[in-house]
Structures are given as C-alpha cells and as structure tokens.
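S.K.: One structure follows; several queries about it will come next.
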Amino acid sequence: MFIFKKSLGKKNIQILAWALKAGKTLILPSKTCYMACANAANAFAVDKIYALKGREDKKPLTIMVADLKMAKEYAQVTPAAEKAIKKFMPKGSLSICLKKKKGRLAENLCEDTIVLRTADDLFLKKLIAALGRPITATSANQSGQQPAYSISEQKEFMQKADFVVDGGKMPKRAPTSIIDFSGKKVRLIREGSLSFGKVLKEVGE
C-alpha cells in the first residue's frame, strides 16, 4: 500500500492515472466519503474491488465520470437526466441510473443499466480525465460496514488497496440520492441528501 497526499500536482495525477490503467485499486476521497476505486473498463480491476468489498453476489457498482460528456460516452443520457446532472451532480448529492452503452464498461460491473455520478471536485475530475475512462465509486468499506471519513478508519480495508490518497478527515454527510432515469418514468431508488421532489421539479416530471 502506497499513501499519497491529495494534490493537484501533474506528477501526482499521472502516477495515480497510471496505477488505474495498470489495474490497481485506489482509495480516494470524495465529498461524501472515501471511495474504493478502479478502472471501470477493466474487468480484472473490478473483480479486485468486489473482493475488497466482500461482495459475493456481485451487486452492481456505481461509477464516477469526469463530466457530462464522459457520461454520454458510457450511458444513454436522457434529456431529463441531463438536466439533473447539470443542476445537482456538481454538488455531490446525486447519482443516477441510466441504460448503459454496450461494450464500453467491464462486463462484470453491471448488466443493462449503470448508476453513475460525476466527479465532485477538481482532483477527481483531473484524475478521471487523465485515465480517460470512468472509475468505480463505491464506499471504502466492506459490505455492511460504515463508510470511512478518514484513512485512519477501516484500516484493514485500506491496507488491502494498492494506493491510498489522504484527503484528510471529512465531515459525515448523508449519501447521494439515487434516482432511476432508465425507464419511461423517473423512479426513486434511494433518497439521501437530495429530495426526490426537488429533482422531479427540476426535470419537469
């Protein structure tokens, strides 16, 4: 395990992007909690995340994209979903379920739909852009355990990752709301920090 301080430095971003390209697992800070991350287009790397999480059922993993443009490369973004992405995702409060585009992501990541969110700070945006592909964005803890808000939490989990980026201690926040835009009607999967009604009002549903 290698520990890096969170930095926007070019060399730091390049090393971490190389690690993702090489199929390594990374622990990264986000606005909600620390995440267990890997190249979402690399089936071997995705399997390593499932092993870290202890998920035998291979429950689909959320992915993080750099921006709306990248979201459109990997998923079928509806007009309503695009409105929601532009309004709420920069705040780190929303994840959305969309139909995925075939042949772009690791086959063991999901089936017909994918839950995604956009990068919620500049560090993550630069890293994902340098990789050129989405990353997994699942909480850095074994299934059923509490999320980590500093690298001193979930130590056993952290030590199993290849790289850890220390972004300091983060305030505890409600998880993102997950809303399904993949069908004919917009549907709530999980209400977190963002109210479902607020999203429906924004997208005109």
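S.K.: Add -39500 (n - 2.57) for each DSSP H run of 4 or more in the chain, then divide by its residues: what number comes out at 222 nm, to the nearest 500 deg cm²/dmol? Show your work: numbers first, answer last.
M.R.: Values: 7 runs with 63 residues, N = 205.
For the chain, the value works out to -8500 deg cm²/dmol.
S.K.: Please give the per residue volume of the convex hull enclosing the alpha carbon atoms of the chain, rounded to a whole number of Å³. The partial results should precede the final answer.
M.R.: Values: hull volume 21.6 nm³, N = 205.
Each residue corresponds to 105 Å³ of Cα convex hull volume.
S.K.: Sequence gap at least 6, Cα distance under 8 Å: using those rules, report the relative contact order of the stretch 1-119 to the nearest whole percent.
M.R.: On the way: 150 pairs, mean separation 30.4, N = 119.
Dividing the mean separation by the residue count of the stretch 1-119 yields 26 percent.
S.K.: Hey, another quick one. Over the chain, calculate the relative contact order: mean separation of alpha carbon pairs under 8 Å at least 6 apart, over the residue count, as a percent.
M.R.: 31
S.K.: A further question follows. For the stretch 108-205, evaluate the Debye formula with one uniform point scatterer on each Cα (no solvent term) and list log10 I(q)/I(0) at q = 0.10, 0.13, 0.19, 0.21 Å⁻¹, rounded to two decimals.
M.R.: The Cα Debye sum returns log10 ratios of -0.38, -0.64, -1.23, -1.36.
S.K.: Just to confirm the filter: which trypsin sites (Lys or Arg not before Pro) across the stretch 112-174 are DSSP coil and have at most 13 other Cβ within 10 angstrom of their Cβ? Working shown, then result.
M.R.: On the way: sites: Arg117, Lys125, Lys126, Lys155, Lys160, Lys169, Lys172, Arg173; in loops: Lys160, Lys169, Lys172, Arg173.
Sparse-neighbourhood loop trypsin sites (Lys or Arg not before Pro): Lys169, Lys172.
S.K.: Moving on. Taking the DSSP beta bridges in the stretch 2-203 as the whole, what percent of them are antiparallel, to the nearest 5?
M.R.: Around 60 percent antiparallel, to the nearest 5.
S.K.: A follow-up question, please. Say the cut-off is 20 Å between C-alpha atoms; which of Lys83/Lys198; Lys102/Lys198; Lys21/Lys48 go over it?
M.R.: From the list (Lys83/Lys198; Lys102/Lys198; Lys21/Lys48), the Cα-Cα distance tops 20 Å for Lys102/Lys198.
S.K.: Once you charge only the Cβ atoms, +1 for Lys and Arg and -1 for Asp and Glu, what is the size of the charge dipole of the stretch 2-203 about its Cα centre, to the nearest 20 debye?
M.R.: With only Lys, Arg, Asp and Glu charged at Cβ, the dipole is about 560 debye.
S.K.: Distance cut-off 20 Å, Cα to Cα: go down the list Lys53/Lys126; Lys10/Lys155; Lys72/Lys101; Lys6/Lys100 and report the pairs above it.
M.R.: Among Lys53/Lys126; Lys10/Lys155; Lys72/Lys101; Lys6/Lys100, the Cα-Cα distance tops 20 Å for Lys53/Lys126; Lys10/Lys155; Lys6/Lys100.
Each reported figure results from applying straightforward, stated rules to the coordinates on display, with no laboratory input. Note that the structure is predicted; figures quoted are calculated from it, not measured. Virtual Cβ from ideal backbone geometry, glycine too; neighbours counted across all protein chains shown.
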